[in-house]
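Visitor: A single structure is presented below for examination.
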Amino acid sequence: MNFLIYGEDCRHAILSNLLIEAGYVMQAPADLLILSPKESFSAHTDVINKNCLVWGGKATESDVLQKAGCRKIKQRDSFRVRNSVFTAEGALALAISESKTALCESSVFVLGYGYLGKACTRLFTAAGADVTVYTEKPSELLQAVQAGYRADKLTGLSRLDHVILLNTIPCPVLDSLPVFITASPALLIELASIPCTTGEIKGLRIIPAGALPSRFSPESAAKLMFDEIIYQSKKE
């Protein structure tokens, strides 16, 4: 199978070597196209075969893929769970390096309780942070409470003084909430593909943190991607 990789991502060189060792060939036209999260599929339609499998790329281009006769690889739950753990580890490292306060003395608000929200909640709680989960989904609220965590609806968010926010919801949820910061600064680590705020909140420092496994654990993340791609390719 021919493959091509595009986009800036520390996992790609490792992933490329793994694929070549497995017998894949890096050349066009590609049967497998691997893109970084911000890379556009539309820019590479001239180097792929019809029915090409696509990994990654912009989430907004699903219609373009279908029209081109290609299929985006749908990641299994097992992949998403493991990748969320790697991402949560990166978020933890980032929070420690970017905060002047010890994590065990910090309040952490996790927005969303999906795969990534669960991983962040577990890891930051284990590190000693005072963690609260915020979500509007009743099922996620119930799951968080059943797991022993403090949880509230997003509409319960207001004062963010001296808080570390971890956003995992791909939606500008903060834009419609009366959040404010009166004295102490707050830190937002943006883990979602779509930011949780489109404006500026005075006193809130925002760190875009997409693809953290690429930055903090590229070898483990590349191996995880490789295993998933091999599995999905064999299904075709």
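The values are calculated or read from the model by the stated rules, or taken from the named source; none is laboratory data. Since we're looking at a predicted model, the values are computed, not measured. Glycine also receives a Cβ, built like all others from the backbone with ideal geometry; neighbour counts cover every protein chain displayed. With ligands, DNA and RNA removed, areas are computed over all heavy atoms of the protein, side chains included. Shrake-Rupley method; radii C 1.70, N 1.55, O 1.52, S 1.80 Å.
Visitor: Summarise the accessible area of the range 1-93 (1.4 Å probe, protein heavy atoms) by the percent that is carbon and sulfur. Mind showing how you got there, number by number?
Guide: Details: 2460 of 4980 Å².
The nonpolar share, carbon plus sulfur, comes to 49 percent.
Visitor: Which chymotrypsin sites (Phe, Trp or Tyr not before Pro) does the range 20-56 hold that lie in a coil by DSSP with at most 14 other beta carbons within 10 Å?
Guide: none
Visitor: Using packing as a proxy for protection, rank 105-113, 2-10 so that the peptide with the highest average count of other Cβ atoms within 10 Å comes first.
Guide: Packing order, densest peptide first, comes out as 105-113, 2-10.
Visitor: Let me ask you something else. Given axes a ≥ b ≥ c from the Cα gyration tensor, I'd like to know whether the range 1-52 is rounded (a/c under 1.5), prolate (a/b larger than b/c) or oblate.
Guide: Values: a/c = 2.65, a/b = 1.10, b/c = 2.41.
Oblate is the answer for the range 1-52, as a/c is 1.5 or above yet b/c matches or exceeds a/b.
Visitor: Skip the ligands, DNA and RNA, and give the accessible area per residue of the range 116-236 with a 1.4 Å probe, whole Å².
Guide: Spelled out: the 1.4 Å probe surface of the range 116-236, per residue, equals 50 Å².
Visitor: Now a separate question. Would you please classify the overall shape of the range 84-136 from the alpha carbon gyration tensor, given that a ≥ b ≥ c denote the square roots of the eigenvalues, rounded means a/c under 1.5, and beyond that prolate means a/b larger than b/c while oblate covers the rest?
Guide: Because a/c hits 1.5 or more and a/b fails to exceed b/c, the range 84-136 counts as oblate.
Visitor: Determine the dipole magnitude for the range 108-156: charges of +1 sit on the beta-carbon of Lys and Arg, -1 on that of Asp and Glu, nothing else is charged, the reference point is the Cα centre, and the result goes in debye to the nearest 20.
Guide: 100
Visitor: Mind checking the angle between helix 11-21 and the chain's longest principal axis? C-alpha axes, 0 to 90 degrees, to the nearest 10.
Guide: 30
Visitor: Just round it to a whole percent: the fraction of Cα-Cα distances in the range 100-236 exceeding 20 Å.
Guide: In whole percent, the share of Cα-Cα pairs in the range 100-236 beyond 20 Å is 50.
Visitor: Only Lys, Arg, Asp and Glu count, each charged at its Cβ (+1, +1, -1, -1), so figure out the dipole size of the chain about its Cα centre, rounded to 20 debye. Please list the in-between numbers first.
Guide: On the way: 24 positive and 24 negative charges, 80 e Å.
That gives a dipole near 380 debye.
Visitor: Follow-up. Under 22 Å Cα to Cα from K100, which lysines show up? Leave out anything in the same chain fewer than 8 places away.
Guide: K202
Visitor: Still on this model: Under a straight-distance cross-link criterion of Cα-Cα below 21 Å, which lysines are reachable from K223, leaving out those fewer than 8 residues away in the same chain?
Guide: K38, K72, K74, K234, K235
Visitor: Only helical DSSP H runs with n ≥ 4 go in: add -39500 (n - 2.57) per run for the chain, normalise by residue count and round the 222 nm mean residue ellipticity to 500 deg cm²/dmol.
Guide: Mean residue ellipticity at 222 nm (helix-derived): -11000 deg cm²/dmol.
Visitor: What longest region of the chain stays clear of trypsin sites (Lys or Arg not before Pro) that DSSP places outside H, G, I, E and B and that have at most 13 other Cβ atoms within 10 Å?
Guide: 1-73
Visitor: Does the range 173-236 classify as rounded, prolate or oblate by the C-alpha gyration tensor (a ≥ b ≥ c root eigenvalues; a/c under 1.5 gives rounded; else a/b over b/c gives prolate, otherwise oblate)?
Guide: Numbers: a/c = 5.66, a/b = 2.53, b/c = 2.24.
Verdict is prolate for the range 173-236.
Visitor: For the range 172-236 and the range 69-111, what is the separation of their Cα centres, given in Å?
Guide: Measuring centre to centre over Cα atoms gives 7 Å.
Visitor: Using alpha-carbon pairs under 8 Å, 6+ residues apart, how would you state the relative contact order of the range 1-157 in percent?
Guide: Dividing the mean separation by the residue count of the range 1-157 yields 14 percent.
Visitor: Then there's this: Using the Cα centre as the reference, give the magnitude of the dipole from point charges on the C-beta atoms of the range 38-160 (Lys, Arg: +1; Asp, Glu: -1; all else neutral), rounded to the nearest 20 debye.
Guide: In total the dipole reaches around 400 debye.
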